[in-house]
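This report refers to the structure that appears directly beneath it.
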Amino acid sequence: MQFTIARDLDTLQSAMRGIAGQGKRIAFVPTMGALHEGHLTLIREAGKLAEAVVVSIFVNPTQFGPNEDFGKYPRMLETDIKAAQGAGASVIYAPTTEDMYGSNFSTRISVGPMSTILCGAFRPGHFDGVATVVAKLLLRVLPHFALFGQKDYQQLCVINRLVRDMDIPIEIIGVETIRERDGLAMSSRNAYLTPEERATAPKLYAALQSAARAIESGAPIAATLQKEKDALAAAGFRVEYMELRESYTLAELHSFRKPARLLVAAWLGKTRLIDNIELSS
Ligand code: AMP
């Protein structure tokens, strides 16, 4: 298939019309670039679902808080384009901020209580920014499928809620978290870690696993989470939260029942790491 790099909406939509005209199914992978094996897995999975794979690369300013890392977020468009193409992308959409928002843009989509808990409590407005840009991207690309990583589990829940509430006729697919060999969830932000922090970082996933095993075996939830948070603090993390939630609504769980998800966010130096795990048994 012809490979297209679109930097603006007109180019994207003319490529999409061509693909739709050929009767091809379309799978879409939105990203902020600095692509790693997690992103590339999403792109390969997209290729199993559809004949045409669209990857967007856009560091969305509206999902970053004023003191967050928008300015220093890694940008490497040329490398990303090659990597995405290598994994099977046929269209790359890398819009400018002007193309995405133009002037006088003023709509903000807010997905409700799910957006203000967990990461939303520490990053006010973040999920509104995500929901708004994802809605725009979905409507611009109009794919059959859109793939998101479980790595950003709350984001996946927010987007599922968004497409259901707004009757957006696109199937959302959640793809499991891709990890480094030592368990650290892959993330573009891992590049911020010093070598020393990088050596400590896998303890976050280890803490999730240890808490999950304990809770699955009947240990009390609050005490178990506190113990793991204390251990992370002792290892040098500044934990924002570690919480057990119902897997789809993200409602609080005071006693263990499935489906349940354990989610964590913690700072290591100047890097904010998130991870999560599904509980079984
Ligand atoms: P980002 O570029 O960080 O906004 O991520 C773009 C997409 O890739 C999102 O759907 C993420 O959840 C997903 N993603 C990021 N890291 C991973 C990972 N380690 N495993 C699976 N998916 C991921």
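Any read-out appearing in this document is the output of simple, stated calculations on the displayed coordinates, not a laboratory observation. Because the structure is predicted, anything quoted here is derived from the model rather than measured. Here the Cβ is made from the backbone with ideal geometry for all residues, glycine too, and neighbour counts use every protein chain on show.
Angle of helix 9-21 to the longest C-alpha principal axis of the chain, folded into 0 to 90 degrees and rounded to 10: 80°. Residues whose amide H comes within less than 5 Å of that of V111, counting only those at least five positions distant or on another chain, are absent (H built at 1.01 Å from N in the peptide plane). Annotation: the residues E176, E240, sorted from fewest to most other C-beta atoms within 10 Å of their own C-beta, follow the order E176, E240. Please work out, to two decimal places, the log10 of the ratio I(q)/I(0) at q = 0.10, 0.15, 0.16 Å⁻¹ from a Debye calculation in which every Cα of the chain carries one identical scatterer. Normalising to I(0) and taking log10 leaves -0.54, -1.18, -1.32.
Amide H contacts of S56: V29, T31, Y93, each under 5 Å away and 5 or more positions distant or on a separate chain (H built 1.01 Å from N in the peptide plane; Pro and chain starts excluded). Taking amide H as placed 1.01 Å from N in the peptide plane, the amide H of Y241 sits under 5 Å from that of A265, each at least 5 places away or on another chain. Evaluated over the chain, the count of Lys pairs having alpha-carbon atoms less than 23 Å apart is 19 (only pairs 8 or more residues apart or interchain).
Using Cα atoms only, what is the angle between the long axis of helix 77-86 and the major principal axis of the chain, expressed in degrees (0 to 90) to the nearest 10? For 77-86 against the chain, the angle is about 90 degrees. Assuming charge only on the beta carbon of Lys and Arg (+1) and of Asp and Glu (-1), the dipole of the stretch 116-210 about its Cα centre is about 100 debye to the nearest 20. Any idea what angle helix 221-234 forms with the longest principal axis of the chain, computed on alpha-carbon atoms, 0 to 90 degrees, nearest 10? Value to nearest ten degrees: 80. In the chain, if the dipole is taken from +1 on Lys/Arg beta carbons and -1 on Asp/Glu beta carbons about the Cα centre, which of Y73, I178, V134 is farthest to the positive end? The one lying farthest along the dipole's positive direction is I178. Rg/Rh, computed from the Cα trace of the stretch 22-177 with Rh as the Kirkwood radius, has the value 0.94.
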